[in-house]
Every structure is written in C-alpha cells, then in structure tokens.
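Chemist: Mind looking over this structure? Questions follow.
Bear in mind these aren't lab numbers, they're just calculated from the coordinates by the rules spelled out. Keep in mind the model is a prediction, meaning the values are calculated, not measured. Cβ sites come from the backbone with ideal geometry, for glycine too, and all protein chains shown count toward neighbours.
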Ligand SMILES: [Fe+2]
Ligand SMILES: [Fe+2]
C-alpha cells in the first residue's frame, strides 16, 4: 500500500557494538513533549497516516489556538490532546479489518479524505474498499453485511476508539479536558458526528480544534493550502465550528505558517509549540507509565497479542536480573520489552489475525516491524540504545533472523534477552493458525535452538525463571479477548 511512509525523519546509522554504559536510555532530563511527539508516530502508523501526522496536526491546532487567544491552561490541555488524539486507534483495528475484509490502515487512511456523513460518498467508499480481492458476489455480501450494522455499527466503531483513547490519557494522568477532547474529536458542529452526536457548543472547544486540525493536516498533504481552504469552506457549519473555519481561512495566505506545517522536522517543531511556562519533564515512574500505555496500544491491536508486550517486558526484566544486570538496566529492559513491537502498529490486522500461515508477501510485511519500531524509537534522542535493542528482537545468533541478519558478535547479551523473552511468550500463546504449546514443548524448542537462535546463558536463565515462578498459561485471557471482539461484531 502507498499510504504508509515510515518517517519524515532522517535516521542515524546504528551502532551494534557492546553497549559501554549498560543503559538503554541515556540519563538526563527528557521533556515530556519530546517523548510524546516522538511516540505519536506509532499512532500515525496505526491510522495509516504518514509519520508526523499527529505532530503536524499539533502545529496546526496550536496555531489556531494562538489566533483564538486561548488561555494558557487550555493551551496545555490542548497540546497533549493534539499529539495523543489517536491513542485509541488500535482498539477498533481488528474489528474494522473484519468488517471491511481489507487492510484497516488503508481504510482508516482513505476515510479521512471523504465526507462519510453523505450517503452517496459512504456507499461508493464501501464498494471501492470492501474485500478488494473477493469475487463480485462475495463483495456484495460483504457490503450488505457492513450496511446491516447500520449507523449504530459506525457509531460503535468510533466510540470504541475514542473512549479507549480518553481512558489511556486519563490513566497517564493527563487532564480531564485533554481526555474529553480526545473522546469528542470526531463530533461535528451540525450534530452528525460520532460517537455522541453532540452539536455546536456542546462539543468541547478543544475537541473542535482537534477535529479541524486533523482534517486540515490530511488535506494539506493532499493538495496544499488551496485544498485546505476549499474543504474547510465546504464543511463550514456542518463538520466544523464556523469561527474555527474563519481562522483557518485567514491563515490561507500565511506562507510562513504553511512552510512550517510542511517541515521535515515536524516532531521537533511540535516540541517547540509546548507552552513555554508549562514545560514538563519525565521522571522514571512517568517514563514507565508512558511505555506501558504505548505497549497497551500495541497489544490492543489484535486479540491474539493480548498482553504480549507486557509479558515480554516483565520476563525481560527478570531475565536481566538473573543474568546479573544492575537495577537500572533491569528497568530499561522492562521498557524495551514494552516498546519492542511498536512497529507492529504498521502491520495490517488482515495479516496479524489471518487464520492461516502468512504468505511470503505477508511474512515480508511482518518482517518490517522491528525496523519500524527502531525508526519510531530513534525519534527520541535518548533512546538510541533502546531502539537498537528493540530493533534486534527477531535476530538470531546464527544470522538467520531479521531484519538486519546480525550474528553473535553483533548481538550483546542484553539484545539476546529480548529475543528469548519474545519467542517464549509467542510459543506459549495461541495463534489464529495454531494452538498454544505446552511448557515442556516450548522449552524443548528453546533448548534445541540454544546456540543457534538463542544465547545459551539466556535460555539457562529462562529455565531458572520457570523453576522459580511456575508460570501459568495466558490462553484463557487471549480467548476472552477474541470472544469480546466477536461479540462486538
Ligand atoms: Fe516482534
Ligand atoms: Fe513481540
């Protein structure tokens, strides 16, 4: 698909040598805005948008707020709502993929460029996008099934996404205004939006700014400032608050502003829009919470990966402890575990949830995800080493892994921890095309591949961990997640 461009950033070459200071995250002050704007690229990926979509929406929204002379406290709530507007994006991915029988990232991307409130646009969109590879009859049946869910089905899809996004924002400790802006970003001025059909000033002002900013960003990419003016004029008083449309129209001749939106450094520029007197820094506990939140976004994408990142994170931390790494490194390994599969947000559920083995082409798409994880994490300057470790979680000692095909000498011990934790969890979990393996079988595979795929000392540490912890299967939880998805459809 053409929708996804991995990143607008230029990335540094990676060093794969031994890590001298044994820290994955360089110590020092890290601005919350830097961390959140960098990780917002993971949300862009899930939405099928080019990297930097959320950051550019943030630049646009903050400019609108400046013109509105929004009070400072509101600016802080707005700033994080703009960057995190798509926090709930993965929660409806599996359902959307099932309903359309197609790559949900393509659907999500293309939906942003039509007026789906118009019946004709909605019907043509569905016909063009539903089950693209099916026979005409299958396609008709699929479209009929999609329309049978009716407006309530569409509302629930949006509600799942918006509610989940607001919940994660609250869990992270962001304000209620930020959470409500995220919840209501798809409401329309005329009351025909989702999920609550709020009308006019019933829609929180910050949500109205989010709504128009994301649309302006999408159409600026499609046709520049002229296209933006055309679309906002067309949707004045229907989708958008007329007052906000007038501000966007006033900006239409502001070349410097549009140049800033077009910048290759959208993430850096978004950081500069942080409210100057309200700059926040990330302490260790908050860093854990942010990593956990993004892990939950990854794990929510597919019922089959339920809790995967979380399990890998805890196991990586425990293995690091058994292997004698210090507490700081154990904590960093926990964070690497939480974030290792961020790049999976760029893989369609049509592949992740397929009830059969992936084809070669599909497997090639899967093999890109460590590269995506790396590119996202490299956007945080202090995460260089963390990005290295995350990028190597599918590498093997014998060079037959992916995506760089590194070999033993290029894989320091802490890299090899994540690989063992990841495969252990994958084999003990059920997949759409195979049952979960019993522990004895899993460990027989780990032992057999010790020295070729895996580092023998890490496999030994895993044996010790199992002996101490007597781990229980998480298949029942996985199946509950699958049931919840099926009930919801
Ligand atoms: Fe992975
Ligand atoms: Fe994984």
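Chemist: Please work out the Cα center distance from the range 338-355 to the range 81-141, rounded to the nearest Å.
Modeler: A separation of 18 Å, based on Cα centres.
Chemist: Let me ask another. Arranged by the count of other C-beta atoms within 10 angstrom, fewest first, what order do 448, 344, 227, 430 take?
Modeler: Placing the least packed residue first, the sequence is 448, 227, 430, 344.
Chemist: For the chain, what does the relative contact order come out to in percent, with C-alpha contacts under 8 Å and a separation of six or more?
Modeler: 19 percent.
Chemist: Counting other C-beta atoms within 10 Å, which of 482, 261 has the fewest, and how do the rest follow?
Modeler: Going from least to most buried by this count: 482, 261.
Chemist: Another question about this same structure. Against the longest principal axis of the chain, how steep is helix 205-234, in degrees 0 to 90 to the nearest 10, with axes from Cα atoms?
Modeler: For helix 205-234, the angle is close to 80 degrees.
Chemist: Assign one of three labels to the range 284-488, namely rounded, prolate or oblate, based on the Cα gyration tensor with a ≥ b ≥ c the square roots of its eigenvalues; rounded applies when a/c is under 1.5, prolate when it is not and a/b is larger than b/c, and oblate otherwise.
Modeler: It is rounded, given that a/c, with a ≥ b ≥ c, falls under 1.5.
Chemist: Tell me, 239, 465 in order of fewest to most beta-carbon neighbours within 10 Å?
Modeler: Final ranking by Cβ density, sparse to dense: 465, 239.
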